[in-house]
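Engineer: Have a look at this one.
The values are calculated or read from the model by the stated rules, or taken from the named source; none is laboratory data. It should be emphasised that the depicted structure is a prediction, and the values quoted were computed from it without experimental measurement. When we count neighbours, we look across all protein chains shown, and the Cβ atoms used for this are built from the backbone with ideal geometry, even at glycine.
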Amino acid sequence: MTTLLKNATVFTSNGFEKCDLVLSGGSVFVNGNDSLDMNSADVIDCTDRVIVPGFTDVHVHFREPGFSYKETIATGTAAAAKGGYTCVCTMPNLNPVPSTMEKLQQQLDIIEKDAIIRTIPYGTITMKQNGASELADMEAMAPYVCGFTDDGKGVQAGELMEEAMLEAKRLGKMIVAHCEDESLLFGGYIHDGKYAKEHGHRGICSESEWGQVKRDVELAAKTGVDYHVCHISTKETVDIIRDAKAKGISVTCETGPHYLVLCDEELQEEGRFKMNPPIRSAEDRDALIAGIVDGTIDMIATDHAPHSEAEKAKGLEKSAFGIVGLETAFPILYTYLVKKGIITLEKLIEIMSVNPRKRFGLPGGVIADGEPADLTVLDLEADWTIDSADFVSLGKATPLDGWNVTGEVVMTIVNGEVVYEKTNA
């Protein structure tokens, strides 16, 4: 089927321009294609709409196989589509953990059956996904994964991380690191800052993150591996990565929307404010924003981590770590970064669409003739209030519940097919 998207403002290699898009055979063509018969095309009027390359999130948890009561591939990809995402990379906190091809295949089979957007899994770094056991069967999994990570656990021994980096380098794959030194945690569960001290909570110090980042950057320089840091949250981490890039080390990083709009002084005694790494100080938040502005931070990743209502109803100390974010990322960032003049809309599309695709070699990320027809259609004038009760995700825990935002995804297209369309009901 051929589809014509008319009268839109489209993000192309020339920036934003008024043009029509033709979708055919899973590809997009700017201002048409003379070889196509347009007489039977399905026409969609996109007046007052903005079309951008589909968003890509390289860090989500869809919980299947093993924990489908929290989220499934079906519900997770539906939530992603509603949030404008056309491609996601799924973390390996599963049962069984994808440390061998046989175990990975279970997830691949579910993705093939149930995913409505492009869904590419990670393989684990270690056999038990515990940051400490022997290496996983990385070679067997390499053709099927976007990279290797033990997300949820930091690789504790530098020698083991170096071994993993050398193997990933040999296989042409990325090491994607959750950086957390367990010897510095001391049972903490929120940032070791003002709120923790005033309310008697055990804190997680910043060095537990940046100490491992520093170690890994040095190992990445030594091994030559392509290295990516998950969900950075501290000002020291920003400085380390900025310095590493200046030295030409192949390192990139991500941060999450919640770290850019909250600080620990805004915490509440509810599980929806608990994630790992934690929301940190205002100084850390400002350093992360500076890192977005100057390009030190390459991309946004939601770390979408759904849990059951019961698991998130036990307060800051006892609740499970993790919040959801796929359905709120764009409006939060558009409202509180773009509308406030901190970054441009072009910059936001770069960090949500373009950079993840380039770094990880994923489909989409550009609107040009013959490229995959993976598109997100936006209404930049829509004003609305975030209500977790309306989430498609099985997870409802977000510290952003009740926030007023501007900007809304009205349609998501993958491979030329509409996978989400906002209804007026």
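Engineer: Residue 252 - would you say it is of a type outside the set (D, E, K, R), in the same structural domain as residue 197 (by TED's automatic domain parsing), buried (at least 18 other Cβ atoms within 10 Å of the Cβ) and under 14 Å from the mean Cα position of the chain (by Cα)?
Structural biologist: Numbers: of a type outside the set (D, E, K, R): yes; in the same structural domain as residue 197 (by TED's automatic domain parsing): yes; buried (at least 18 other Cβ atoms within 10 Å of the Cβ): yes; under 14 Å from the mean Cα position of the chain (by Cα): yes.
Considered against the rule, which asks whether it is of a type outside the set (D, E, K, R), in the same structural domain as residue 197 (by TED's automatic domain parsing), buried (at least 18 other Cβ atoms within 10 Å of the Cβ) and under 14 Å from the mean Cα position of the chain (by Cα), residue 252 comes out as yes.
One line per residue, one yes/no per condition, for (1) outside any loop (DSSP other than H, G, I, E, B); (2) in the same structural domain as residue 218 (by TED's automatic domain parsing); (3) under 23 Å from residue 358 (Cβ atoms); (4) among the charged types (D, E, K, R):
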{"position": "139", "(1), (2), (3), (4)": "yes, yes, no, yes"}
{"position": "143", "(1), (2), (3), (4)": "yes, yes, yes, no"}
{"position": "150", "(1), (2), (3), (4)": "no, yes, no, yes"}
{"position": "155", "(1), (2), (3), (4)": "no, yes, no, no"}
{"position": "163", "(1), (2), (3), (4)": "yes, yes, no, yes"}
{"position": "166", "(1), (2), (3), (4)": "yes, yes, no, no"}
{"position": "169", "(1), (2), (3), (4)": "yes, yes, yes, yes"}
{"position": "176", "(1), (2), (3), (4)": "yes, yes, yes, no"}
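Engineer: Considering each of 379, 387 in turn, give the residue that is on the phi < 0 side of the Ramachandran plot, free of Cβ contacts under 8 Å to residues at least 60 places away in the same chain and not assigned by TED's automatic domain parsing to the domain that holds residue 328. Step through it out loud before you land on a result.
Structural biologist: Numbers: 379 fails: free of Cβ contacts under 8 Å to residues at least 60 places away in the same chain.
387 is the lone residue from the list that is on the phi < 0 side of the Ramachandran plot, free of Cβ contacts under 8 Å to residues at least 60 places away in the same chain and not assigned by TED's automatic domain parsing to the domain that holds residue 328.
Engineer: In segment 300-318, how many are in contact (Cβ under 8 Å) with a residue 60 or more places away in the chain and among the small types (Gly, Ala, Ser)?
Structural biologist: So the answer is 3.
Engineer: Of the numbered conditions (1) buried (at least 22 other Cβ atoms within 10 Å of the Cβ); (2) more than 19 Å from residue 409 (Cα to Cα); (3) under 16 Å from the mean Cα position of the chain (by Cα), residue 120 fails exactly one; give the number of that condition.
Structural biologist: (1)
Engineer: Does residue 207 satisfy being surrounded by fewer than 23 Cβ atoms within 10 Å (Cβ to Cβ) and closer than 19 Å to residue 276 by Cα? Don't jump to the end; show me each part of the working.
Structural biologist: Details: surrounded by fewer than 23 Cβ atoms within 10 Å (Cβ to Cβ): yes; closer than 19 Å to residue 276 by Cα: yes.
Yes, satisfied.
Engineer: Among the residues of segment 54-73, is any touching a strand residue (DSSP E or B) at 6+ places or on another chain (Cβ under 9 Å), under 30 Å from residue 297 (Cα atoms), of a type in the set (Phe, Trp, Tyr) and surrounded by fewer than 21 Cβ atoms within 10 Å (Cβ to Cβ)?
Structural biologist: no
Engineer: Here's something else I'd like to know. Here are some residues: 287, 329. Which one is at pLDDT 95 or above and within 20 Å of residue 208 (Cα to Cα)?
Structural biologist: Working: 329 fails: within 20 Å of residue 208 (Cα to Cα).
Sole residue among the options that is at pLDDT 95 or above and within 20 Å of residue 208 (Cα to Cα): 287.
Matching residues to (1) at pLDDT 95 or above; (2) of a type in the set (Asp, Glu):
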site: 11; (1), (2): yes, no
site: 33; (1), (2): no, no
site: 38; (1), (2): no, no
site: 64; (1), (2): yes, yes
site: 67; (1), (2): yes, no
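Engineer: OK, next. Could you check residue 133 against (1) surrounded by fewer than 20 Cβ atoms within 10 Å (Cβ to Cβ); (2) out of contact with any helix residue (DSSP H, G or I) (no Cβ under 6 Å at 6 or more places or on another chain); (3) at pLDDT 95 or above and say which number it fails?
Structural biologist: (3)
Engineer: Okay, moving on. Filter segment 349-388 for residues that are aliphatic (A, V, I, L, M) and farther than 22 Å from residue 47 by Cβ; which is surrounded by the fewest Cβ atoms within 10 Å (Cβ to Cβ)? It would help to see each step written out before you state the result.
Structural biologist: Taking segment 349-388 and keeping what is aliphatic (A, V, I, L, M), we get 349, 351-352, 354, 362, 366-368, 373, 375, 377-378, 380, 382, 386.
Narrowing the set further to residues that are farther than 22 Å from residue 47 by Cβ leaves 351-352, 354, 362, 366, 368, 386.
Working: 351: 22, 352: 27, 354: 21, 362: 20, 366: 16, 368: 12, 386: 17.
Only one residue tops the list, namely 368.
Engineer: If you don't mind, another one. List the residue pairs whose Cβ atoms are under 6 Å apart, where the first residue sits in segment 332-352 and is outside any helix (DSSP H, G or I), the second is aliphatic (A, V, I, L, M) and modelled with pLDDT of 95 or more, and the two are 6 or more positions apart or on different chains.
Structural biologist: 343/337
Engineer: Could you say which residue among 231, 307 is buried (at least 24 other Cβ atoms within 10 Å of the Cβ) and either out of contact with any strand residue (DSSP E or B) (no Cβ under 9 Å at 6 or more places or on another chain) or on the phi > 0 side of the Ramachandran plot (or both)? Lay out the reasoning, then the answer.
Structural biologist: Details: 231 fails: buried (at least 24 other Cβ atoms within 10 Å of the Cβ).
Answer to the selection: 307.
Engineer: Scan segment 179-219 residue by residue and report those that are part of a loop (DSSP other than H, G, I, E, B) and either among the hydrophobic types (A, V, I, L, M, F, W, C) or at positive phi (or both).
Structural biologist: Once the filter is applied, which keeps residues that are part of a loop (DSSP other than H, G, I, E, B) and either among the hydrophobic types (A, V, I, L, M, F, W, C) or at positive phi (or both), segment 179-219 yields 179, 185, 186, 187, 200, 205.
Engineer: Moving to a separate point now. Does segment 234-252 hold any residues that are over 18 Å from residue 188 (Cα atoms) and either in contact with a Cys (Cβ under 8 Å, 6 or more places away or on another chain) or of a type in the set (Ser, Thr, Tyr) (or both), and which are they? Write out each step before concluding.
Structural biologist: Going through segment 234-252, the residues over 18 Å from residue 188 (Cα atoms) turn out to be 235-252.
237, 241, 250, 252, listed by residue number.
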